[in-house]
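Where a number appears in this text, it was derived from the coordinates with a stated rule and is not lab data. Worth saying up front: this structure is predicted, and the values here are computed from it rather than measured. Cβ: placed from backbone, ideal geometry, glycine included. Neighbour counts: every protein chain shown.
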């Protein structure tokens, strides 16, 4: 191994994506050297730091907590460790639920009941959905006020009867993927403005029923996306959210 490696080599060695490495750099967690052309070079110290980050993330620590630990700032570890144990307990409960679904399927087979692939997949998906919803609630509870959560519950009934949630989600996935592919992009550019207008158009059904508490909660949730993206896969990357926020600031300033 050479003393200095570029970002592609570090990504292969650590299993992290290049985007994650750039994100960690932006958060100040790592500080690779830069060549005159702007190329990132990681030394042994930065590699060791990355391995510590990976280890702490696997233990369930947030990036803010990891930053404090790595920078030797005072941290009250006792409540922090209790919180991480609670997270692991929840994950263990989710695994137990998944096991229970599979055990149910096996018991049906043992009783001689027919169990085709569609039924088996349905059982597994039911368990996955339950686990996924629980994970998402654990995340939103940190950033949403009780009022915001109550408003969201009320808003579900205010959506049009023919509102197609699946199609709506597919539109968001398509838009955010196109933005991600286009980045980096000047927030003041014509293309950035077009993306922003499309974002606002898709946001219209939400804004039609959103209360101030809901808007504040969602904004806080995605402003802190780096804190929870390891626990639950976000609908878009932190880069996409930062880009949309930047374009919004350009619009407000203009």
Would you mind computing, in nm to one decimal, how far apart the modelled labels at residue 55 and residue 194 are, each placed 7 Å from Cα along Cα→Cβ? 4.9 nm
From the Cα centre of segment 163-239 to that of segment 1-61, the distance in Å is 27 Å
What's the FRET efficiency of residue 165 with residue 37 using the Cβ-Cβ distance as r and R₀ = 41 Å, to the nearest 0.05? 0.30
Estimated FRET transfer efficiency (residue 6, residue 106; beta-carbon r; R0 45 Å; 0.05): 0.40
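What FRET efficiency comes out for residue 230 versus residue 113 if R0 is 41 angstrom and r is the Cβ-Cβ distance? Round to the nearest 0.05.
Numbers: r = 40 Å, r/R0 = 0.96.
With a Förster radius of 41 Å, E is 0.55.
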